[in-house]
Each structure stands twice: as C-alpha cells, then as structure tokens.
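Everything on this sheet refers to the single structure shown next.
Just so it is clear, none of the values below were taken in a lab; they were calculated from the coordinates. Every value quoted in this text rests on a predicted model; they were computed, and no experiment measured them. Neighbour counts run over all protein chains shown; Cβ positions are idealised from the backbone, glycine included.
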Amino acid sequence: MSRKSKLQNVAILFLAVSFVLLALRPLAATPVPGESPDFVIKISDLEKNLTLLDNVFGKGDTQVGASFSAQIRQMLQDTNWIDHSRAIVIGVVIQEPMPIAAALVPFRQPNEAFQANYNASKATDYYIVPLPPDRPVGISDVFKSSLSGASRSKSKSFVTIDIGLRRLMEQNEQQIRQMLSRLENMPAAQGAQDMTFSPQDVRGMMVNMLDTAAQLETLTFSLDFNEEKLSIHTEAKAASGSELAKLFVSQEATSLLNHYTPEHDINFKSRSYNFSGLLKIVGNGFGKIYEKMGFDFGQIAAIMEHYTGEMAGGISFSQDTFHFEGIDVLKNATSPANFVETVYLPWIEKFSQTMIQKIEELNGQKIENPFVRTAESQVAGYKVYGAKFKLPDLPDPGAEVRFPERELMYEFEWRFTTVGNLFVFAESDQELGKLIKIAKTLKPGPAKGPLMAMDFDLGSYMELIRQSMPNGFGSDRPLPTLGKMNFALDFKDGQAFTTSSIRMKDIKNIVAYFSQAAFGTTQASMNFDDENGTLPEFAEDQPEPEKEEEKVKIAEARATDWFKKGALCATYGNDRAAIKYFEKALALDPQHSGAYFEQGISYGQLGEYDKAIPLLNMAVQMEPQNGLYYYGRGRVYLLAGDKEKAMVDFKKAAQLGDEDAINYLEYIRRAKNG
C-alpha cells in the first residue's frame, strides 16, 4: 500500500496546479495588466464533501495514520474557521516569465496560523494565498475581484474548472504556432515511421485541432458526487458564428425510435442531428491519422449524407465474437428500396478495399479481403442482404517478428434490409426478423432524452478485461454484481453538454475486486455494505497437524491471511471490519507487530485514540527500529491534539529513515521560515 503524506496532500489541493502551469511556460504571452484569470478552479461545500468522501471511499491508506479529510483539515489548520457557504477558488493567469496563480480561501473568522503558514494576505473576509506559497507575487485588484466573485457564485458541483479557451488561444497563438512549426524539423519516432506518420502529419493534425479549439469561447469541467453516484460534466460554449456554433444547436423535436430500446452490453441511441458536420469536425483533427489506418473520413461522411442521424442499437461481447443489432433512420429524399443495392453495398465494398490496402501497407504482407457478400434471403416479406467481415489480428507496427499465420481476431456476419425509411441490421435472419417486427410498429412522436445517449454494462466490460489479463488474474472468483456506466451528449444554443456517470457502489466493488485478486483473497473476504457483519471463517477441512512446529506455521499463515483481509478493509474505509480481522490475526499470532500497528491506525481513523495508542505502543516495542511505526503513532498523536508527542515521534521516524516523516519535518521547517 502506498503512503500519502501531508505534503502530498498539500500538493494535490494547491501546488499541483502550479507544477502543471510550469509546463505551459513556453506558451505564455505578454501579460495584460490587471487581467482576470484564464483558469478558475472552484471547490464548493468543502466540509460536506470531505465527509462524503470518507463515507463513500473510506478513510484512506491505513499506513498514513489519518483519513484524507483529516489530513486536509490539518493542512488548513482545521476547517471550522472557513466559510463553507462560499467556494475555495484557485485562479491562474498565463504570462511570462511564469504564470500567476493564487487561491482564495473565504473565512468566517480569521486564522492567524493559516495566514502565517501559507504566506497569505488578508482581506475583509478571505485570504489570498500565492501558489506556490513561498513565491512572492503581486495579485492585481482585478484578479482578486474575479476570485471573490467566483467564490460567491453558487455551484452545484464539488469541483468546477472554467477555462477561457478562446482568449487563451488568442493570447498564445504566436507561441503555439512557433512550437508547432518546430515539429517539422523533428525526426519521427520508430513507431511513427512504421505507421508512416510524418512530423508534417502530426503538425497538420495539431493545427487543425487548435483551429477547432479556438472556436470555443469557454470550456467547463465539473465533478459531482453523492453516496449514490459520481458524475463528470463538460460544457463547451462555441463562439458566435463559428462552425461549432452551427453544429451545437437543438435538432428536430420528433423521433421514430422512442419505443425501441435495445438490451445489450453496450446500448446507444441518438436523435436526428448533423452527423456529417460532426464527422467533418472530427476529420479536421484526426482525419490524417485515421486515413493512414485505413479509415477514409471522406467516404464515411459521404454515406452519412443519406442518414438523419437518428439511430439506436446495441452490441454484446463474448470471448470470440459479439452480437449486435440496430436501426438507422434514412432521409426522406433517399429511396429505401434502392438504398442497399445502389448506395450501401457499393460504399461498403469501396470502404473495405481502402481499409485493406492500408492494413497491407501497415502489416507488410497481403491479407484476405475482409468483406465478403453472402447469400440473400427473404425475412417477413423483406429482401435481406448479407455480408461477412473478417477482422485480422494485426501485429505491433514496431515488432521485429511478424506472423503470417496469425489467426483472426473476429469474424462476424451481419444481415440488413430496409423497412420503409428504416435501415435495419442484425447478426442473423432470426434476429433480424424480430427487429423487422419492431420497426413496423414504430411511429413518429415527440423526441425524448438527450441528443445522444450510451450505456455500458460494467459487468460484461470487466469480464472482457479479466479474460484479457495474464495468468487468469482474478479468474478464480466471480465478478461482483455491477450496474451501468452512462454517457449523454446534448446541443443547445451554441453549447455542447456531456455527462458521464457511474454508481459509487460499482466503483468500490471494481477496486475491491482487483485488489482482492492482487491480495489473493476470496470474494467473501470483503463486505463494504455491513461494517458490523460476521466475518467469514476459513474452511477447516484439513486434519489438525500433530507436530507443534506445523501448528505454528499454519497459525502464522492463517494470521497472515486475516491480516491481509484487514489491511484491504482498512484501505477502503471499513475500519470496523478491519479491526475484527486484525483481532483474528493476533489471536493466531500474538507476535504479529503489523497487526498491532494496523489495528491501532484503524482505531485512530475512528477517533478512538485511547484504544489506538496502546496498540501502536506495542508495535513500536516489538520493532523499535521501524520508522513507519513511529510515524503512524505520531500521526495519531497529532489527530488526538498532542503535538508535542507527535513531533517526538516524527523526529524519531525521520532518524530511522522514514521518508514521509522527513518530508513532513522539512515542510514544517519551510513553513516556519516563510
């Protein structure tokens, strides 16, 4: 388990922003006196969300000796003085020779210790902290006013990042162009040479992507979470009159596919929209790259001119194939009766030829045409067409050894027809027949939901990951019950909105599953839903050994298993269950110093310091040269309010070489010296 020190948490909350900005230094423009920030980061309802983080994700790594929220509170000299009705705000101005960055921390009552430790300047009801704190920098009144206004504006999200993208691009355009021009003189990496990507290709792609980004006035990212769900949102506002603004508009208010809801591992649905326009935007940025991989954006855009953009379908995966179905809506100007024969089949044949040519260039050998027409049939009175597609397993472009006999990764067949102005496709005539019946019942109605929506079955996705991992990683235990991850996209009045969400329970279960696999524990060993539930026992199928030495070895092995289970529980915040596991370990092996230490840390996490300290004392007595034990006890002393004893332990831990203790003491020294 990794250890997270106070110094690391300081970096996470404040200083990491500054380190990122140093990378932007070559892009910085001449400063505009008194300008407002280019980046604004808001952290709202800090106290509420710190508590929620602990409740949902647990109380951090037990070897640190304090929960994440406790470390943040300690770093801020507690949080009861902060005005949580306003946001903590970090602002950044990109300029030469270094970016200007500062944080605004609103307060209900002043905190002199905080002010001294972070070189903060005091206003009426907030502090301004330069980032990094030891950097003397003048903050303009305009800058401060911008931060103050952002702090008082309400936000529903825990963290929000606002970027004035167009302004930032305009200010740094010359530097960006100069940097990109230097790409043409750079030698291509070996992998890029194999993929025939030249520096000119990369530069052209970057220029087009920047041109597209320059059409965005602002870009906002936000993170929301509660005990049920984690959501990530983006909002992009396009400049008036730009190509993106024309694309980011509400579409038709009617839909044909309201009552068609596929049920697969991955499901998608969209309403009518300018799909060819979207492809043009994507093609401008990545077209050259995709073309060299065999995907001609021009050909794709040409076929999409026949579709309204409204579509729905799904796909499910198995170990060696996948299953799929879908319905696309064709434009009224298209003749459905002739669409397949005169438009779709000629297009797919041409597209496959272009792709196979690129694959052969990449692979260095001839391969079989991946597209093969199959026999036509009649299903429910409709003429059905068929095709088979073979997807070869390509070697690494940079690999020294190539295998002409490589097996196919996938081989699948699909069947398709038109029902009125609906293009219907599935994996077999039988499945297509079911879809035709659905298609015949669909009628126009008011459009519902976002412009585009997609959901992923996490259990199926995790199964694919597990199968692809070496040595059957995790294959001896069933996957936990998982829900879905959802994604949505919408356009309105020149703005694009996206939302991705996943259940908190699923996040914890996924992390726990692979952590258990790494620890070699069983599925029953973790219970995140019941802190006080009964603990699973080991099976006692084996006869009790007669020799005392064998009994001791078995007891120690079982104690180690209980210890691992306890450590895993504690890592994910279930300290009550962890304490029980450590008790089991100590009952079997009373000399297990790690169990005393971890149990003491868990009690410290729960605020039960009178129980924590004796256990930590025992661990220190058993291993007096273990710096981690002194550091952990020092952290518990600090949480308990005994700073004097805490510093004694921190110094002892540092003498013994504990890195976190060394870093902590150095941080304290710097803070005192200003």
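Laid out as a table, the results:
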read-out	value
Residue-wise HN-Hα coupling along region 560-570, computed from phi with Karplus coefficients 6.51, -1.76, 1.60 (Hz; x: Gly, Pro)	4, 4, 5, 4, 4, 5, x, 4, 5, 4, 5
Using a Förster distance of 35 Å, the FRET efficiency for Ile303-Glu411 (Cβ separation, nearest 0.05)	0.90
Proximal lysines relative to Lys484, as straight alpha-carbon distance under 22 Å, when same-chain residues fewer than 8 apart are discounted	Lys229, Lys269, Lys448, Lys505, Lys508
Whichever lysines have a C-alpha closer than 21 Å to that of Lys584, once near sequence neighbours (fewer than 8 apart) are set aside	Lys551, Lys553, Lys564, Lys565, Lys611
From phi via Karplus (6.51, -1.76, 1.60), per-residue ³J(HN,Hα) for region 497-511 in Hz, x at Gly/Pro	10, 10, 9, 10, 9, 8, 5, 4, 4, 5, 4, 5, 5, 5, 4
Stretch gain in nm, segment Ile281-Leu606, where the contour uses 0.36 nm per residue and the Cα spacing is subtracted	111.7 nm
Label-point gap, in nm, between Met206 and Thr374 - each point 7 angstrom along Cα→Cβ	4.6
His323-Arg670 pseudo-label distance in nm [points 7 Å out on the Cα-to-Cβ vector]	5.8
Amide H partners (placed H, <5 Å) of Lys229, local residues excluded	Met504
